[in-house]
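These notes are about the structure you will find just below.
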Amino acid sequence: MPVTPTSPAAPTPAPEPGADHTVGPGLEAVVRLVDGAVAIAGRPVLRGIDLTVSRGDFVALMGANGSGKSTLVRALTGLRPLTTGSLELFGHRLEHFDEWRRVGFVPQRTGAASGVPASVWEVVASGRLTRRRLLRPLGRADRRAVADALEVVGLADRARDGVSQLSGGQQQRVLIARALAGEPELFFLDEPTAGVDLPNQHALAASLARLKERGATVVLVAHELGPLAPLVDRAVVMRDGRVVYDGTPLADHEVHQPWLGEAHSHHHATHRDRARHDHAPHVASPLGTHPEEHHR
Amino acid sequence: MSTLELFSLPFMQRALIAAVFVGLAAPVVGTYLVQRRLALMGDGLGHVAVTGVALGLLTGTSPTWTAVVVAVLGAVLIEVIRERGHTNGDVALALLFYGGLAGGVLLTGLGGQSASRLQTFLFGSITTISVADVVTTMVLAAVVVILGVGLSPQLFAVAQDQEFARVAGLNVRAYNLLVAVMAAVSVTVAMRTVGLLLVSALMVVPVATSQQLTRSFRTTLVAAMALGTVASLGGLVISALVPAGTSVSPGPTIVLLALAGFVATWPVGVWLRHREQLRAPFPVDPDAPDGAVAPLCPEVVPGPADHRHDEEHVDHDHGPDCGHVAVPHGDHVDYVHDGHRHAPHGRHYDEH
Ligand SMILES: Nc1ncnc2c1ncn2[C@@H]1O[C@H](COP(=O)(O)OP(=O)(O)OP(=O)(O)O)[C@@H](O)[C@H]1O
Ligand SMILES: [Mg+2]
Ligand SMILES: [Zn+2]
Ligand SMILES: [Zn+2]
Ligand SMILES: [Zn+2]
Ligand SMILES: [Zn+2]
């Protein structure tokens, strides 16, 4: 019999006081990846990734196509096993982490349809599974959360329609609503605004702003931040499977600047010995004076 | 013998009970298989179960139970191959299926059993079903229905989007295995009714039929169960009522009846989908000023005319009962007419 980790919808646990994973006074590390590497079919796709996301952070993960953003998000959600490194979510090592109701995920996807018709409401309601017990009907709180999530993405009037009848952007909004319905504290959104029109990007930005106020933590992959830009308080830029920039938000066009390129891939942000560190000990980097350089 | 007498015979009553349970259970699993685009999995498992039946005949144990065991083993193997994501998992499955069928036929020969004994399993022989088999059928089918309906939120989520289900903390592998095992069990449960070679039809065809008419998963599942039961019972009754002298076996009749249901609903489905498209609301133009959903008429706003006026049809008055499909469009109603939409505007119609 499959066993689902379920427990009564408990109130959000307060950050454990004095836990050893705090990164600063009062700041709990919600995500902590240390020296993470991922290989797909033997080919290294991510290497030497150190990423700590604190409670309440709004992180934009940026970079060119194929730079490893989705792979990183999939590694952080446990979908891609790490070849090396260690990952903690909410202070628990991934192997021991079972509070998945605290995590919401919007995959990078072109559609929400499958082989059998499914209504918009049904797909969004599946986001409540993290909080439902086996063999129990949807409760009133579940129904309200689903209705709220549909309201946020502006699809309340399409709830009874089949997902396959929606446009690509509308299906993307269904997937966003599905993650919202679970009322998580930590959101991973992989290009949630791709193919979504401007008014709905504004609506999504407004709802993410509300979540941010409530203390949610957001890791967002995006090529164009658009209306989400004011919410971002930290940008992480990837190139060729490494983090080449981690600091204050960048404007969309800056992400592809050459100075974020090769010269920075031996980034000295950490003092750890890296196996892949194939450079001679670096002297003053020509770009070392860049003001946005961010040391952790 | 009158019809009433026929239905009061114990063998017929056993057959009717088995038909109801099989008709309910097979489409439940079929729905999840179709959702994962694994519609032929039931067919493959049916082939594998042939070896199980032959093993039972060879060893003198109940063919139903040996078939359950072998089909479950086959289902688990298929799931493992699928999970490994081998590029030609497809071919591996085909090998398994042909191996199952050939092995079954070979084993039957070895055991000195006549081919006709195996035939009853290949094409079904619901009217020769024993009391013990009816009880087995009822229990296994009930388990499949209870699990398939009771766990439908979880099974739906896993089949809909595995990655999301995993991040939601569901044990995706366990649910996948559960569906595979349920498929194996339904195959063996249905083999006495429609036969191993036609099992898949009873799992998949009712789903294909109900999909024509439904927009949600829940109604698809429930409608498929209803259609499966109607086909299963109806096929049995039709085959029992044919005039003496001719013989119609229930298995193929059940499948043909299910297929007839699909053929009958096909035009309805086409019509429904067509209607749906006509009714699809027009997207709101994001750049338009508040409230102005429709492009403004050039008579009001000078500028490039991006819509034509349709002066040819002014003699027709669109309205609630004019016979054209009405589509709400922001602050007005458009009428679908010969593939375009008329919006009444003053004394003429704009095209939206
Ligand atoms: N399933 C896979 N099999 C093989 N290689 C993969 C797979 N998924 C990703 N990769 C490789 O990993 C690298 C990073 O891919 P990833 O999808 O993480 O990029 P991305 O930054 O999300 O790009 P995009 O902007 O296009 O979404 C790419 O070089 C890609 O070829
Ligand atoms: Mg990506
Ligand atoms: Zn006009
Ligand atoms: Zn016209
Ligand atoms: Zn009209
Ligand atoms: Zn209009």
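Among the residues of region B:211-229, those that are assigned to a helix (DSSP H, G or I) and at the interface with chain A (Cβ under 10 Å from one of its Cβ atoms) comprise B:Q211, B:Q212, B:L213, B:F217, B:R218, B:T219, B:T220, B:L221, B:A224.
Per-residue answers, yes or no, for (1) within 12 Å of chain B (Cβ to nearest Cβ); (2) over 18 Å from B:L170 (Cβ atoms); (3) in a loop (DSSP other than H, G, I, E, B):
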{"residue": "A:S126", "(1), (2), (3)": "yes, no, no"}
{"residue": "A:L134", "(1), (2), (3)": "yes, no, yes"}
{"residue": "A:R144", "(1), (2), (3)": "no, yes, no"}
{"residue": "A:L150", "(1), (2), (3)": "no, yes, no"}
{"residue": "A:Q170", "(1), (2), (3)": "yes, yes, no"}
{"residue": "A:R178", "(1), (2), (3)": "yes, no, no"}
{"residue": "A:P192", "(1), (2), (3)": "no, yes, yes"}
{"residue": "A:G195", "(1), (2), (3)": "no, yes, yes"}
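Among the residues of region A:185-204, those identified as open to solvent by 10 Å² or more (accessible area, probe 1.4 Å) and within 24 Å of A:D246 (Cβ to Cβ) are A:E185, A:E191, A:T193, A:A194. Taking first residues from region B:325-350 that are of a type in the set (G, A, S) and partners that are open to solvent by 50 Å² or more (accessible area, probe 1.4 Å) and at pLDDT 80 or above, the Cβ contacts under 8 Å between residues at least 6 apart in sequence or on separate chains come to B:A326/B:V333; B:A343/B:V333. So, in region B:21-65, of the ones that are in contact (Cβ under 8 Å) with a residue 24 or more places away in the chain and of a type in the set (D, E, K, R), which residue ends up nearest to the other protein chains (Cβ to nearest Cβ)? Filtering first and then ranking leaves B:R36.
Residue by residue, here is whether (1) away from every other protein chain (no Cβ under 14 Å); (2) within 12 Å of ligand 1 (Cβ to nearest atom) holds:
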{"residue": "A:A64", "(1), (2)": "yes, yes"}
{"residue": "A:S70", "(1), (2)": "no, yes"}
{"residue": "A:A75", "(1), (2)": "no, yes"}
{"residue": "A:G78", "(1), (2)": "no, no"}
{"residue": "A:P81", "(1), (2)": "no, no"}
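Across region B:74-85, what is the number of residues that are without any contact (Cβ under 8 Å) to a residue 60 or more places away in the chain and of a type in the set (A, V, I, L, M, F, W, C)? Here the count works out to 3. One residue stands out in region A:106-124 among those that are more than 8 Å from chain B (Cβ to nearest Cβ) and touching a strand residue (DSSP E or B) at 6+ places or on another chain (Cβ under 6 Å): the one that is surrounded by the most Cβ atoms within 10 Å (Cβ to Cβ), namely A:V106. In the set B:V134, B:V172, B:V179, B:V145, only one residue is within 14 Å of chain A (Cβ to nearest Cβ), in contact with a helix residue (DSSP H, G or I) (Cβ under 6 Å, 6 or more places away or on another chain) and within 25 Å of B:L236 (Cα to Cα); that residue is B:V145.
Among the residues of region B:209-259, those that are among the polar types (S, T, N, Q) and either open to solvent by 30 Å² or more (accessible area, probe 1.4 Å) or out of contact with any Leu (no Cβ under 8 Å at 6 or more places or on another chain) (or both) comprise B:Q211, B:T214, B:S216, B:T219, B:T220, B:S239, B:T246, B:S247, B:S249. A:D233: under 15 Å from the mean Cα position of the chain (by Cα), touching a residue at least 40 places away in the same chain (Cβ under 8 Å) and surrounded by fewer than 22 Cβ atoms within 10 Å (Cβ to Cβ), yes or no? In short, yes.
Can you confirm whether region B:250-260 contains a residue that is within 12 Å of chain A (Cβ to nearest Cβ) and closer than 16 Å to B:A25 by Cα? No, region B:250-260 has no match at all. In region A:230-265, of all residues being assigned to a helix (DSSP H, G or I) and touching an Asp or Glu at 6+ places or on another chain (Cβ under 8 Å), the one that is modelled with the highest pLDDT corresponds to A:D252.
Each residue in region B:293-330 was checked for being near ligand 6 (Cβ under 10 Å from one of its atoms), open to solvent by 40 Å² or more (accessible area, probe 1.4 Å) and modelled with pLDDT of 75 or more, and 1 pass. Look at B:P206 and say whether it is under 26 Å from B:F11 (Cβ atoms) and surrounded by fewer than 20 Cβ atoms within 10 Å (Cβ to Cβ). Criteria not met by B:P206.
The values are calculated or read from the model by the stated rules, or taken from the named source; none is laboratory data. Since we're looking at a predicted model, the values are computed, not measured. Every residue, glycine among them, receives a Cβ derived from its backbone with ideal geometry; neighbour counts consider all protein chains shown. SASA here: full protein model, heavy atoms, side chains in, ligands and nucleic acids out. Shrake-Rupley method; radii C 1.70, N 1.55, O 1.52, S 1.80 Å.
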